[in-house]
Amino acid sequence: MSSRRLHIGVDAWNLLRDRRGIGRYTRALLREWSTTFVDDVDLTLLVPEWPAWWYAPRYRREAHANLGVRSRAAAEGTDIDVLWFPWNGLSWTARKPKVAVLHDASIFALDMAPAQRQREVLPFRRAVTEGARIVTDSEFSKCELLRYLSPASQAIDVVPLGVDPPSHDTPPRPKLPFSVPYIFFVGEFEKRKGIDLLLDAVARLDADLQASVGLVLAGETRGTTPFETRLPIAILGHVDDVALAALYSHAAVFVYPSRYEGFGLPVLEAMAHGTPVVASNAGGIPEAGGNAANYFTSGDAHALAASLTEVLRNSNLAEDLRQRGLVRAREMTWARTAQKTLAIVCQHTYHAGDRPSAGTDSSLAH
């Protein structure tokens with residue numbers, strides 16, 4: 001039995017650009033594997049650019065770790081044991097053992113142009129045809145992937161996402177064009193994320209609430225969507241991690257009205273900052289929030305308005321949600337996600353008896 005650490009080649013093609021939940025997930029696992037699990041794994045970032053050394057400093061800064069960086073063309077025939085693809089499937093073909101993360105099945109379930117669907121489905125199909133071990137974020141997504149992909153010969157492992165504990169020091173309230181308590185939304189401004197539903201719902205709030213709360217929207221805008229509301233409104237676009245933490249921490253309520261979601265990472269992030277959460281019951285969102293969110297029926301603006309009203313008017317309910325959320329966030333950590341994913345990577349790489357898989361040692365079980 002070899003004592004050498006497992007050498008994981010990480011498909012890093014989108015590491016420099018992705019600021020969504022997938023990018024946050026990838027950076028968090030790289031951080032945990034290179035710190036908490038440093039005795040178990042070596043990591044090499046595999047990048048599309050050549051020569052890799054020229055681009056290596058940028059990738060290391062993005063990963064916040066002094067990792068090896070190679071061109072992905074060098075993955076074959078090297079000392080790399082297994083490849084990890086975190087960006088929704090296999091972005092390139094490889095002969096080594098590989099683990100592919102398929103975060104959800106939205107590209108199959110949602111309306112989109114045929115050419116776009118054909119392009120985005122390709123990495124998913126490649127993961128199946130090349131026999132990758134598949135990991136997804138929720139039981140909901142597992143069922144959806146089985147329905148659309150039918151990977152009969154492959155297991156699909158569910159590993160929920162995690163969250164970082166917030167700083168003990170509450171950040172200062174962000175600078176906004178109003179001083180009243182606010183409802184907070186973060187996500188892309190698109191129908192899937194329910195931005196239209198949210199605007200409809202706040203228009204249904206009682207007049208006294210509309211006069212006493214504001215609305216803060218953060219995320220990538222789509223086109224020139226009009227935002228007409230009687231509430232004071234701040235549209236921030238993309239915000240960095242420091243600003244996002246402050247926005248979560250000072251919100252009266254965080255709202256997540258998505259119509260289709262494989263997990264719902266912002267729900268956990270809001271809970272970790274002690275913010276009451278109102279969320280739709282769509283897809284895998286209840287698997288993220290557990291019993292710590294005030295859920296409403298997906299797609300129902302009247303139900304969303306009622307849920308927001310409950311939290312904004314009932315301080316006891318808001319405090320109960322806040323405390324439940326903090327407990328939920330402490331249960332769902334990135335260290336837990338990293339450990340479970342590493343155990344799957346090890347299991348897929350080695351035959352029984354060659355090496356104990358990660359997670360069998362008690363030091364990896366926490």
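The values are calculated or read from the model by the stated rules, or taken from the named source; none is laboratory data. Everything numeric here is computed off the predicted structure, so don't read it as measured data. Counting neighbours? That spans all protein chains shown, and the Cβs are built from the backbone with ideal geometry, glycine included.
Per-structure values
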read-out	value
Count - residues of segment 105-125 that are at pLDDT 95 or above and charged (D, E, K, R)	0
Some residue of segment 34-52 being in the same structural domain as residue 104 (by TED's automatic domain parsing), in a helix (DSSP H, G or I), at pLDDT 95 or above and among the β-branched types (Val, Ile, Thr)	yes
Qualifying residue in segment 270-277 (condition: farther than 23 Å from residue 138 by Cβ and more than 16 Å from the chain's Cα centre (by Cα))	yes
Condition check for residue 209: over 21 Å from the mean Cα position of the chain (by Cα) and either surrounded by fewer than 21 Cβ atoms within 10 Å (Cβ to Cβ) or closer than 22 Å to residue 316 by Cα (or both)	yes
Matching entry among 88, 14 (being in contact (Cβ under 8 Å) with a residue 40 or more places away in the chain and on the phi > 0 side of the Ramachandran plot)	88
Pair list, Cβ under 9 Å, 6 or more apart: segment 187-199 residue part of a loop (DSSP other than H, G, I, E, B), other residue surrounded by fewer than 19 Cβ atoms within 10 Å (Cβ to Cβ) and aromatic (Phe, Trp, Tyr)	189/227
